[in-house]
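For reference, the structure is listed below as structure tokens.
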Amino acid sequence: MRLVMVGGPGAGKGTQAKRLQAALGIPWISTGDVLHQAIEAQTPLGRAVQPVVEKGEFVDDTVMIELMRDRLQQPDATQGWLLDGYPRTAFQAEELDFLLDELGQKVDWAIWLDVPKAILMERSLTRSRDDDHPEAIQRRIDLLYERTIPILDYYGYRQRLLKVDGHQSPEAIEQTICQRLGI
């Protein structure tokens with residue numbers, strides 16, 4: 001199964017991705033983790049994206065698309081995957097579809113964890129990442145509504161969107177997702 005997890009900062013994407021990874025036996029590909037690892041290791045990519053990530057901005061589409069191309073061609077991703085944090089824009093969703101066409105794959109479902117803005121802020125402030133300060137969090141939430149919400153139309157039009165109320169217990173969210181996916 002090939003899944004895309006969509007939601008704001010603090011929506012519970014990571015928590016649900018971890019649970020789905022275990023249930024489905026597919027790799028969980030968190031672009032946030034990949035970017036933070038690159039920054040921590042001070043790779044050329046890491047140094048280039050560090051100021052962008054620290055401001056809460058989105059990393060350039062070209063960089064993200066190439067990052068995904070490399071990752072989705074790794075052997076563990078041939079039978080399925082769960083993307084967390086990518087795509088973040090309708091353009092990226094379309095580019096992902098083009099890439100998947102080349103790889104003979106397709107997105108089965110995009111899972112939207114719908115959580116109110118105030119809850120996203122509250123949850124994000126309790127995390128311990130270096131870039132989780134109020135200004136960066138607010139910027140990421142603003143960008144979610146400005147650039148990411150159109151993904152819902154993109155996947156909805158293709159009948160590949162699962163909307164889930166993300167403002168409930170992690171167990172209830174997991175149960176809803178698994179029921180809707182038929183697992």
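Odds and ends about this structure:
- The condition of being among the basic types (Lys, Arg), surrounded by fewer than 16 Cβ atoms within 10 Å (Cβ to Cβ) and modelled with pLDDT of 95 or more holds for only one of Lys106, Lys55, that being Lys106.
- Residue check, Gln179 surrounded by fewer than 13 Cβ atoms within 10 Å (Cβ to Cβ), out of contact with any Ser or Thr (no Cβ under 6 Å at 6 or more places or on another chain), not in a loop (DSSP other than H, G, I, E, B) and not acidic (Asp, Glu): yes
- Meets criteria (over 15 Å from the mean Cα position of the chain (by Cα) and of a type in the set (A, V, I, L, M, F, W, C)) for Leu45: yes
- Within segment 92-135, being farther than 30 Å from Gln168 by Cα, more than 16 Å from the chain's Cα centre (by Cα) and assigned to a helix (DSSP H, G or I) holds for Phe98, Leu99, Leu100, Asp101, Glu102, Leu103.
- Residue satisfying all of: in segment 17-42; β-branched (Val, Ile, Thr) and within 17 Å of the chain's Cα centre (by Cα); surrounded by the most Cβ atoms within 10 Å (Cβ to Cβ) among these: Ile29
- Filter result (free of Cβ contacts under 8 Å to residues at least 60 places away in the same chain, farther than 18 Å from Gln21 by Cα and either surrounded by fewer than 16 Cβ atoms within 10 Å (Cβ to Cβ) or not hydrophobic (A, V, I, L, M, F, W, C) (or both)) within segment 150-176: Gly156, Tyr157, Arg158, Gln159, Arg160, Lys163, Asp165, His167, Gln168, Ser169
The values are calculated or read from the model by the stated rules, or taken from the named source; none is laboratory data. None of these values were measured; they are calculated from a predicted model. In this analysis, Cβ positions are derived from the backbone assuming ideal geometry, glycine residues included, and neighbour counts consider all displayed protein chains.
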